[in-house]
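K.L.:
One structure follows; several queries about it will come next.
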Amino acid sequence: MYSGDGNFTHGDATLVQKVHASASTTTASSSPNPSNFGQAVSFTATVVSAPPGPTIPAGMVTFQEGTTVLAQRPLDGSGTASFSTSSLFGGDHTITAFYYSDTVFASSSGMTTQTVVGGPTPTPGVTPTPTPTPTPTPSGTPTPTPTPTPTPTPPGIAQPINLSTRMRVQTGDNVGIGGFIITGTVPKHVLLRAIGPSLIQSGVPDALADPVLELHGPVGFATIIDDNWRDDPVQEALIIASGIPPTNDLESAIDATLNPGAYTAIVRGKNNTSGVGLVEVYDFGQTAPAKLANISTRAFVGTGANIVIAGFILGAHTDSDRIVVRGIGQSLTALGVPNALTNPTLELRDSNGALLFANNDWQDDPAQAAEITAAGLAPTNNLESGIAATLSPGRYTALLAGLNNGTGVGLVEVYDRGGP
């Protein structure tokens, strides 16, 4: 702040310092290599911090051959993710492991080449046809053994498969609230986590010491509450089987298979404590005809490291997806939320931290405003923020802050609109 003198009037300026995710390194390997046609091959991705450090990255790894997604797996507690397949054709296969991170580490990738000896070699653009046998099947189409399946994950429109929001969890109306809507015709398997003390290892100050997680659902849904994720032996086994159990016993997690509907995850500090926490929703039913159509987080928006940082992953399929991200503030007042954020600002960044879009007031850009309005998602207050974008599969981060370091309760939302 400049106080001025006899020649110049006073003035001031605001500097906003953004701290991006730490670097990571991903290496990929396979075994056995070479392999015989029809033999099971295990692919493993290992992700470490760069330079190496004591903190182990978390998040998802997508294994791809070209643009074909072979598998998506979460990193385990040692920073590795693996999958096996016996459906590769004969020849060399370049497999890339893409790490889509949490809000702590930046994305990275690694490659390995797998050689498969024997078996049919596919012709680009043509489905390999086995040699007819004297005794055809009833359909008249010979059935080879084994049957290669080169694309376990079919092409289609990408969809949200993870939400991970870091925020300051306070008390009363300022607890952390994560909402999501499941659309479709069948139940969906999800894992929810509330992370606190393990954030200290990632350099996050004032982490929530002991989070408590509540899951609320539609009428008739029995609320689920978890304090420490190991409290229930059945839940503990399911959470461990997911491959991403919390690394601290005081953290919370809920494994559930949920019917289509609207759900709310609430994160509190045990005994009304406060601190920086992380609420996460993982989609473990990505092949089911159901999806996370809307994911959102309501929390107190502070300044500096205490703004709301929402990471989300688009995956499960290979094609681009249309999304709308909104930063809501003043309209929360009409819903009875006190101390709403007066003038939210919104940024959308890619996995490398590069800025894709920034918005203060949602009507600033006429083209963006028209698309958001056409989608039926226009904010009700002109000072609120909105971004419409078509995004390829990958990890993205939405940063919700207050204009000129304003603070208050805000809501960041990600809506899945389907393909272009």
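The values are calculated or read from the model by the stated rules, or taken from the named source; none is laboratory data. Just so you know, these numbers come straight off a predicted model, no measurement behind them. Note: ideal-geometry Cβ built from the backbone for every residue, glycine included; neighbour counts use all protein chains shown. Just the protein is used for accessible areas: all its heavy atoms, side chains included, with ligands, DNA and RNA removed. Shrake-Rupley method; radii C 1.70, N 1.55, O 1.52, S 1.80 Å.
K.L.:
How large is the dipole of the chain about the Cα centre if only Lys and Arg carry +1 and Asp and Glu carry -1, each at its Cβ, rounded to the nearest 20 debye?
P.N.:
With only Lys, Arg, Asp and Glu charged at Cβ, the dipole is about 500 debye.
K.L.:
Sorting HIS189, HIS317, HIS93 by accessible area (1.4 Å probe), largest first, what list results? Don't skip to the end; give the middle numbers.
P.N.:
Values: HIS189 60, HIS317 40, HIS93 15 Å².
I get HIS189, HIS317, HIS93, largest accessible area first.
K.L.:
If you don't mind, another one. Among GLY38, TYR99, ALA241, whose Cα lies farthest out toward the positive end of the dipole of the chain, if unit charges sit on the beta carbon of Lys, Arg (+1) and Asp, Glu (-1)?
P.N.:
Working it through, the farthest residue towards the positive pole turns out to be GLY38.
K.L.:
Roughly speaking, what is the stretch gain from THR287 to ASN7, that is 0.36 nm per residue apart minus the C-alpha to C-alpha distance, in nm to one decimal?
P.N.:
The THR287-ASN7 span can extend by a further 93.9 nm.
K.L.:
Which value in deg cm²/dmol, rounded to the nearest 500, describes the helix-derived mean residue ellipticity at 222 nm for the chain, given -39,500 (n - 2.57) per DSSP H run of n ≥ 4 and division by the residue count?
P.N.:
That comes out to -1500 deg cm²/dmol.
K.L.:
Can you tell me the relative contact order of the range 222-273? Whole percent, Cα pairs under 8 Å, sequence separation 6 or more. The partial results should precede the final answer.
P.N.:
Values: 34 pairs, mean separation 19.4, N = 52.
Once divided by the residue count of the range 222-273, the mean separation gives 37 percent.
K.L.:
Return the Rg/Rh value of the range 240-358, two decimal places, where both radii are evaluated on C-alpha atoms and Rh is the Kirkwood radius. Don't skip to the end; give the middle numbers.
P.N.:
On the way: Rg = 16.6 Å, Rh = 17.5 Å.
Here Rg/Rh amounts to 0.95.
K.L.:
Same structure, new question: Suppose all protein chains stay in the model; what accessible area per residue would a 1.4 Å probe give for the range 181-275, in Å²?
P.N.:
45
K.L.:
By how many degrees, 0 to 90 and rounded to 10, does the Cα axis of helix 233-242 deviate from the longest principal axis of the chain?
P.N.:
The answer is roughly 70 degrees.
K.L.:
A follow-up question, please. More than 25 Å apart: what percent of Cα pairs in the range 160-258 qualify? Mind showing how you got there, number by number?
P.N.:
Numbers: 958 of 4851 pairs.
That fraction is 20 percent.
K.L.:
Which residue fluctuates most in the GNM of the chain (Cα springs below 10 Å): ASN382, ASN228, ASN294?
P.N.:
ASN382
K.L.:
Next up: What distance in nm lies between label points placed 7 Å from Cα along the C-beta direction at ALA354 and THR185?
P.N.:
Once both label points are built, they end up 4.0 nm from each other.
K.L.:
Could you compute the FRET efficiency for ASN259 and ASN36, with r as their C-beta to C-beta distance and R0 at 56 Å, rounded to 0.05?
P.N.:
0.80
K.L.:
Here's a follow-up. Given Cβ point charges of +1 (Lys, Arg) and -1 (Asp, Glu) and nothing else, what value in debye, to the nearest 20, does the dipole of the range 280-420 about its Cα centre take?
P.N.:
Dipole magnitude for the range 280-420 comes out near 220 debye.
K.L.:
Could you estimate the translational diffusion coefficient of the range 299-420 from the Stokes-Einstein equation, with Rh from the Kirkwood formula over C-alpha pairs, at 4 °C and 1.567 mPa s, in whole µm²/s?
P.N.:
90
K.L.:
So if we plug the beta-carbon distance of ALA370 and ASP92 into 1/(1 + (r/R0)^6) with R0 = 41 Å, what FRET efficiency do we get, rounded to 0.05?
P.N.:
Values: r = 48 Å, r/R0 = 1.17.
The computed FRET efficiency comes out at 0.30.
K.L.:
On to the next question. What trypsin sites (Lys or Arg not before Pro) does the range 151-205 have in DSSP loop regions with at most 12 other beta carbons within 10 Å?
P.N.:
none
K.L.:
Give the Debye-formula value of log10 I(q)/I(0) at each listed q (0.11, 0.13 Å⁻¹), with one equal scatterer per alpha carbon of the chain, two decimals each.
P.N.:
The computed values of log10 I(q)/I(0) come out as -0.85, -1.13.
K.L.:
Provide, as a two-decimal number, the C-alpha radius of gyration of the range 286-342 over 2.2 N^0.38 Å, N being how many residues it has.
P.N.:
Ratio of Rg to 2.2 N^0.38 Å for the range 286-342: 1.49.
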